[in-house]
Structures are given as structure tokens and as C-alpha cells.
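The values are calculated or read from the model by the stated rules, or taken from the named source; none is laboratory data. The model shown is predicted, which means the values in this text are computed figures rather than measured ones. With ideal geometry, Cβ positions are generated from the backbone for all residues, glycine too; neighbour counts draw on all protein chains shown.
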Amino acid sequence: MLLHHHFIEIAKKMDGKLAIHDYSTNKELTYSRTLMASLLLAQVCRGLDKGFVGIMVPTSAGCILAKIAVLMSGRIPVMINYSTGAEQNARYAQKKCAFKTIITSKALLEKIECPYVEGMIYLEDIMAGLTGLQKVTAALISKLPVSWIKKLVHGGTSDDTAVILFTSGSEKDPKAVQLSHRNILANIEAVTPIFALKPEDVFMSTLPLFHVFGLTTNFWLPIYHGMTLLTYANPLDFKKICTIVREEKASFLVGTPAFFWGYLRKSEDRDFASLRIALTGADKCPDALREGFKSKHNVTLLEGYGATECSPVISANTPEFNRPGSVGKPIPGTQVRIENYQTGEECGTGEDGRILIKGDNVMKGYFDDFEETSLHIRGGWYDTGDMGNIDADGFLWHVGRLKRFVKIGGEMVSLVRIEGVLEKTLPEDVECCVVEIPDSIKGARIVAVVTAQLDEKATLKQMARSLPKIALPKTFLVIENLPKMGSGKIDFRSITELARGQLSSRR
């Protein structure tokens, strides 16, 4: 099965049902109109160079239509991050994947002050240039039987690449992840029974589609089931999103902890009364955030775990099986192996090791990067680079990136654990991030970066109740706004550089 072929089936089945309510443009599209518009855009896409086509459009009806149309035309969409360094990311994608054309929006480029990059074409110009013949042709094709429409759009196999996505680059240069139709469909089909997904669900879609978390959960998953999508391009407009959820009675909301903190602070009583599922991922969910949602809205905030290379969901807590603090049980069809980071042997129950994944959701590989692919996929197992353990009841506990462990005195110290302890001592509005700064004289230094001044002695005294002395931060630095990726994830790379700069200036 191909994603765009399944969309055709669903669109024909759902017909007049509302598919997308785009709150950024205030446009509504039924499934039949979404199909017709996709077929119309696919005619334009067939005139583009074969191979890859970049898409740099916010979460909207336009982005969804462009994504489907590119696949229908036999091209492969390359999703480009416009939230941080749009021009640089566009050029990086073009060079990495050797393509020219990028579908974008004039309104977006103006808003983010991104200059024109050679090869960019605008959705506004595409729509204005559509001819009457093209519109009639698309309308007629959309009325044909499903089997006929499938024959008139691009075919292929489920192992064909459905999208190129870039890793976050929070630690080093982004890698181009190739996800197949099979990868994404396997992920959707695995989470469907554990969350009891159904066409009647109404999905609040705010996550950017240039990240796999948004692409799968905010686009393909609701479309796959024939749900109604409520799209909004600005995930940081927390108040507006709370209002949409309340007024449209959304039943599903997913996001990163950073976004859910915003929703918690800006929401009012009954805003989230309609939610059936509230799921957070991409970063560790703080206990205070979970407790805040439960106290204010009586909503259980569930935590999941994933990776771009796994399409993305690996494990998730569910209404039926929820163990706060863990990242849930592995989803059906996904195998998880915890491997000793030194010996390579499988770890016992509760023993920390590297998290390895096997399943149909695991990527084809990194585009044009055999070395990185072979380093991360061995014997069918994908090495996430994360550390964790599985408890006696089968729940997976994520304890941080292997790169976010520091070896001190022969002991592996988790920076994530230090953050968790530090968070509990902080005022509600203060954020933190713990990083390792190499020091040629003193060796590795654990540095706590916070967004406001603290009583360091009192903070360390509290932390010492839960951490050994070797794990206590040696230095506290203040950075008022912690850099974040477009998905809301902490940008460790930038924070480390800022911390290094502050420490250098002190010398």
C-alpha cells in the first residue's frame, strides 16, 4: 500500500466529511475537495524535475495538499525546517539531496524574513496560474472509481521512499532520513489499536510537518482514519490553540513538553474537556507538567518515545497502560533490545543500556550516507544512541542520550537525571538544561544552565539529597531564553556553545 493511494480510498469513502479546517487561512476542505485539490496540484508537480522536491510550508491545508500532490506526481518530498535558519536549511537540503525546486509560500518568507533561494516556487503563484482545463480535469478524475484514480497517479511499492526528513541537528549536522510508505504505515497501524483511533476523532494539528512527530501524528495518522484535522500554523500561539480545542471539541492533541507548558499556562477551565488523548514526546515530560494538567484540567498527560528513524513512535503510555515517568510499552510490531554499551550483551530487567529497535517502522537508511547508516543499523537493529531500561512489567524507561552521559571517576553519570533533580528545586517558570563542557585543566565539567538567578548553595544542598557528589553541577550559568528547535526540543548544541562562551569570558 502507498500512502497517497490509501488517501484516495479514504477520500472517496468520506466524501463530504470535513477533512481540514485550516485556522491560519480560515479555509475548510471536505475529503472530496481535498482529493480534487491534490489531483490538481499533482498536474503542476508533474512539470517539475523528477526526483526530489522540497516543501517548506507551515502546517496548513496548503502543506498537506502539496505533500500528497508531490507523491501523486511520482516525486519524493523533502521536508525543510523553516523555523531555525530557513535559508541555510533550504540550501543544505538542496545540496545534500541534489535537487533544485522548493515549494514554499511568499507569506511565509515575508514573515520569517527569509530571502529567495534559487529554485523556490510559491504556492500563491501556483494557485493563481491554474487553468480552467486543469481544474475541470482534476474534478472529473476525482469522480472516477478508486481503482481508476490509482492508475492515473503514481504507483510503486510500499518500500519506495515516501519522504526525506532531517534529524534535528541538536548535536551535529542533520542527517537525511529516508522513510518508506511501509515505515509510516506500519507506525500508524501499530498505534491505532492501543489508542482506539477512529474516524470520529477530531485532531488538533499544530506540530510542524518538517519533523516526523508532526508529519506522522498530525497529518498521515488522522488522514489515514478519515478524521477531521484542525490545522494551525503557529504552535506557539498557545491561547489560540486552547480556544480551537475547546470550540471544535478536539479529541486528540500531541506535542512536546515545551508546547504543553504553554497550553497549561494559557488555558482556562474546560478548554481541554473534550480531549480523549493528550500525548507528549520528543523531550522528557517533567512531573510538574503532568501534575499541572491533572490538577487544572483532570487530563492525564501520556508520554511516548520515538525517533525520526523510526517513523517515529517506538513506545507510548496509553489510557490502559500508563506508568508515569516511563515512556510506555513498545508499540505492537516493534522489538526493543537493551544492550550493554561496552560488551554488547543484552541487559537484564531494569539494567541501563543502549536502546536498539527492530521493526517495519525502522527507516530505509540515511540518504547518500552509507557510513552513518551502517553505524546505526546492524543486523536489522537500529541503534537509537539513547540509553534506557525495561522494567519487569515491560515498560521502557528512557534515561537520556548516550552522548548525554558523562564518565566521572569510572561512573556513567546521566545529565538527564541531573536535570530531573534540578527541575524539582526550581520555581515554576524557570527552565534548565545540564550540559558537559570539556575543560583541558579540570576535565569534564557539569554545567547547569538556568533561565533565572538561583540561590546556588541552597539548590545544591537540595540536589545532594538525590544525587551523588560527582553528579552535582560545578557551575551555574544564566541564559534567559534557552534555544529550542522548531519542534520545541531543547537545542543542546547551541546551549553548549553559549555556555562555553560564557565560561571562556570569565577566564
If you scan the stretch 311-328, which residues turn out to be surrounded by fewer than 22 Cβ atoms within 10 Å (Cβ to Cβ) and outside any loop (DSSP other than H, G, I, E, B)? 324
With the condition kept exactly as written, say whether any residue in the stretch 381-391 is part of a loop (DSSP other than H, G, I, E, B), surrounded by 16 or more Cβ atoms within 10 Å (Cβ to Cβ) and touching a residue at least 40 places away in the same chain (Cβ under 8 Å). no
The listed residue being in contact with a Leu (Cβ under 8 Å, 6 or more places away or on another chain) and either closer than 22 Å to residue 205 by Cβ or touching a residue at least 24 places away in the same chain (Cβ under 8 Å) (or both), out of 69, 42: 69
Please work out which one of (1) surrounded by fewer than 19 Cβ atoms within 10 Å (Cβ to Cβ); (2) without any contact (Cβ under 8 Å) to a residue 60 or more places away in the chain is the condition residue 99 fails and give its number. (1)
Which residues, taken from the stretch 11-31, are under 26 Å from residue 161 (Cα atoms) and either crowded, with 22+ Cβ neighbours inside 10 Å or of a type in the set (S, T, N, Q) (or both)? 11, 19, 20, 31
From 273, 258, which residue is within 20 Å of the chain's Cα centre (by Cα), among the aliphatic types (A, V, I, L, M) and either crowded, with 21+ Cβ neighbours inside 10 Å or not in a helix (DSSP H, G or I) (or both)? 258
Test residue 210 against the criterion of being in a loop (DSSP other than H, G, I, E, B), on the phi < 0 side of the Ramachandran plot and touching a residue at least 60 places away in the same chain (Cβ under 8 Å), and give yes or no. yes
Residues (crowded, with 18+ Cβ neighbours inside 10 Å, hydroxyl-bearing (Ser, Thr, Tyr) and modelled with pLDDT of 90 or more) located in the stretch 450-507: 459
Within the stretch 23-53, residues under 22 Å from residue 6 (Cα atoms) and in a strand (DSSP E or B) come out as 28, 29, 30, 52, 53
Filter result for the condition that a residue is at pLDDT 95 or above, more than 23 Å from residue 116 (Cα to Cα) and not basic (Lys, Arg), over 55, 20: 20
Considering the stretch 32-48, residues that are of a type in the set (Gly, Ala, Ser) and surrounded by 17 or more Cβ atoms within 10 Å (Cβ to Cβ), and then whichever is farthest from residue 64 (Cα to Cα), we arrive at 32
Test: residue in the stretch 241-262 that is among the hydroxyl-bearing types (Ser, Thr, Tyr) and modelled with pLDDT under 95: yes
Please verify whether the stretch 335-343 includes one or more residues that are at pLDDT below 90, hydroxyl-bearing (Ser, Thr, Tyr) and not in a strand (DSSP E or B). yes
May I ask you to list the residues in the stretch 192-237 that are farther than 21 Å from residue 485 by Cα and small (Gly, Ala, Ser)? 196, 226
So, residue 354, is that one surrounded by fewer than 21 Cβ atoms within 10 Å (Cβ to Cβ), in a strand (DSSP E or B) and not β-branched (Val, Ile, Thr) or not? yes
Within the stretch 151-162, which residues are crowded, with 17+ Cβ neighbours inside 10 Å and either closer than 23 Å to residue 14 by Cβ or touching an Asp or Glu at 6+ places or on another chain (Cβ under 9 Å) (or both)? 153, 154, 158, 162
Out of the stretch 263-289, which residues are closer than 14 Å to residue 303 by Cα, modelled with pLDDT under 95 and out of contact with any Gly (no Cβ under 6 Å at 6 or more places or on another chain)? 282, 283, 284, 285, 286, 287, 288, 289
